[in-house]
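Below is one structure, written out as structure tokens, with a few remarks after it.
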Amino acid sequence: MKSTEQFPCAFWAEKLAATHPDDLAPFERMALETHIASCHACAAVRTEYEAMGRYLEQLPDVKPLPAIPARLLYVWDAHGSSLASTPFVKESEQREQIATTAGGSSRSMRHSSRFRVSGQALAAVLVVVALLGTFLTVLALHNHGTITESGPVYTWKVVPSPNVGTFQNQLGSVAALTSSDAWAVGTSSNGSIQQNTVVKSALIEHWDGTRWRIVPNPKPGDGDFGLEGIAAISSNDVWAVGYSWDKQVMNTLIERWDGKQWRIVRSPRPQFDQSDLSSIAAVSANDIWTVGYTLDLETSTSKTLIEHWDGSRWSIVPSPNGTLAQNILYKVAAVSANDIWTVGYSSNSGYYNSGNLILFEHWNGQQWSIVSSPTLAGANEQVLSGLSIVSSNDIWAVGFFTSGSDSSIIKTLIEHWNGKQWSIVSSPDPGVGGNQLTDVVARSSNDVWAVGYSPRSRYPGQESLTLVEHWNGKQWSVVKNTDFGTDSNILYAIVQVPHTGELWVVGTVQVSAFSSSRTLVELYSS
């Protein structure tokens, strides 16, 4: 039997004729997104709608006259003056009504000869129109005066992204230059765990304003390799870092995009056996930092690893370690050339499960030094993996902590730097078993976003929901998000599109317990 994502346009056209897109099951919704991403006919129609949307968004906002009665203003703001006659229409009916009206007006703008299309193209139109119902609703409302003094209404939506691995696909870091130029990196794998044949490869994807596409990158060694961090300076200067195995040794991996292709850039090899880079941040094209760790197999201890690019070469910069045996740096962020922060942990074991301590380090232009952080009473482990900067006295870090005799209680952990010290800020925990924040982006002092995941049940295993939290200047709150996988939904990284209100988040999703994991990309936009 065919899977839902293998059916042609005609199948989806018939399906959507009887079922509203919002009523599709999560796996059907994702299959529909995947179909449109791979179907040339549907993609062509989507491109036309997006072009129409960009044109209409350039039109001036229309505001109703002050003399219009409040009841009519409500109808205007909610549906547009020509789209509804009463404010008591069900929301689903409103969407269908608005989508139908908007779709009809767009069709009337086309030349009559455009109706002479093949059955496949007509089905494609039906599929895209149905899927873009929400888009058309927002578009119609935008042009009927719902842009208020507080600005446009932003929502989260899943954006189709390609996959190459038959076993696992995940994106762990994202960077954006403009609304039509963004990058994401991670790993994909093929093979079988049962047969011990899993092979991992780095995964690089690029957003061109229309769709995400896979971009080839070189294979550095004879074994697994992956990318964990990315930083974009310009359209022809993008950096990515991670690891590569060669002759049973794990080495640091640094790659650079020159506008045409990805190339491996030589990085210094630490004195110890295994090394990994997990994050990268750029002050300028000639001032870039990357962090991670290096492991000594003889002593089973790990040390912090920090490297710097001066415009011509990478070099290792001495960095301190915590008081415990294992020291790992997760994230790096830059305020200026002499104000750089990194965060990780110091632990007594090879993983954060034995009373580890948070490890903050700061670069003052001359050297790296450890900065103390608060200890949470009753916590067994404290881990911070996300870091974002508003200014030198306004910095956020996110992660999680565990408590209980078996560390089974897992809750979100958020800390803030006010220019003098780090302090813990209260954050919500929607999941019953464990909540983890993985990354954070600070757009201003009263607009900060954190992402991660939370479990579906007390003992979730791999079952999880995406977790999005927002800081409004006074408190953190959970923001409703979309989950497609019935088994696992995880967000790993978040970034702001410069000079816009848009946000990209990336991660991984598993539709069912027996399916392969897929890349997950979401966009926060109006």
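Where a number appears in this text, it was derived from the coordinates with a stated rule and is not lab data. Source: prediction; values computed, not measured. Glycine gets a Cβ as well: all are built from the backbone with ideal geometry, and neighbour counts include every protein chain shown.
General observations
- Where labels lie 7 Å past Cα in the beta-carbon direction, separation of ASP273 and HIS470 in nm: 4.9
- Of the trypsin sites (Lys or Arg not before Pro) in the range 189-249, the ones in a loop by DSSP (not H, G, I, E or B) with at most 13 other beta carbons within 10 Å are LYS247.
- For the range 358-465, chymotrypsin sites (Phe, Trp or Tyr not before Pro) meeting the loop criterion (DSSP other than H, G, I, E, B) and having at most 10 other Cβ atoms within 10 Å: none.
- Distance between modelled label sites at ASP447 and ALA377, nm, 7 Å Cα→Cβ extension: 3.7
- Normalised contact order of the range 303-379, rounded percent, pairs of Cα under 8 Å and 6 or more residues apart: 23
- When you filter the trypsin sites (Lys or Arg not before Pro) in the range 375-484 for DSSP loop state and at most 11 other Cβ atoms inside 10 Å of their Cβ, you are left with LYS420, ARG458, LYS474, LYS480.
- Once C-alpha pairs closer than 8 Å and six or more residues apart are averaged by separation and normalised to the residue number of the range 254-390, the relative contact order reads 17 percent.
- Links that overshoot a 26 Å alpha carbon limit, given the list LYS420/LYS480; LYS331/LYS411; LYS200/LYS480; LYS219/LYS260; LYS260/LYS331; LYS200/LYS331: LYS420/LYS480; LYS200/LYS480; LYS260/LYS331
- Pairwise label distance in nanometres, VAL198 with THR178, each label 7 Å out on the Cα-Cβ vector: 4.0
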